[in-house]
Amino acid sequence: MVDKTRTPIDVGLSDEEKADLEKLITGLKQDPSEAQPGASPEELQKQVQSMMENLTQLVEMLLKFDTKMRALYDIVRLSYQKSDMMNKRIDAIIESVRGGKNVSPGSES
């Protein structure tokens, strides 16, 4: 069962990419057993070619998504590093104020 109250996640796909993805999913959901027992080799070859094209498009979209997710990962990682560094600086200032020490820039660990 799908949670209908969940907010959709925006992964940065354009409207055209979303439409292409929906078209591919619809095509993949269709009954693949359209080939009749007496189907000609040409008809079977066309079906295999169509499935290969759909798979190629799906892989291309997956690679685009992977690239976008990698960029998001890098942003989150850098944000974490920045906040960690800022927390260390804030902690050093707090310790300095509490202990009456002189804080010099560049004396962070």
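When you scan region 44-72, how many residues do you find that are among the polar types (S, T, N, Q) and over 23 Å from Ser14 (Cα atoms)?
The total comes to 4.
Return yes or no: is Lys88 surrounded by 10 or more Cβ atoms within 10 Å (Cβ to Cβ), among the basic types (Lys, Arg) and more than 20 Å from Glu17 (Cβ to Cβ)?
So Lys88 passes the test.
All but one of (1) at pLDDT below 90; (2) at negative phi hold for Gly100; which doesn't?
Tallying (1) at pLDDT below 90; (2) at negative phi, Gly100 fails exactly one: (2).
Listed here are the residues, each with its yes/no results for (1) in contact with a strand residue (DSSP E or B) (Cβ under 8 Å, 6 or more places away or on another chain); (2) modelled with pLDDT of 85 or more; (3) in a helix (DSSP H, G or I); (4) among the charged types (D, E, K, R).
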{"position": "Thr26", "(1), (2), (3), (4)": "no, no, yes, no"}
{"position": "Ser50", "(1), (2), (3), (4)": "no, yes, yes, no"}
{"position": "Glu53", "(1), (2), (3), (4)": "no, yes, yes, yes"}
{"position": "Met61", "(1), (2), (3), (4)": "no, yes, yes, no"}
{"position": "Val76", "(1), (2), (3), (4)": "no, yes, yes, no"}
{"position": "Lys82", "(1), (2), (3), (4)": "no, yes, yes, yes"}
{"position": "Ile94", "(1), (2), (3), (4)": "no, yes, yes, no"}
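The values are calculated or read from the model by the stated rules, or taken from the named source; none is laboratory data. Please read all numbers here as calculations on a predicted model, not as lab measurements. Ideal geometry is used to build each Cβ from the backbone, glycine not excepted, and the neighbour counts take in all protein chains shown.
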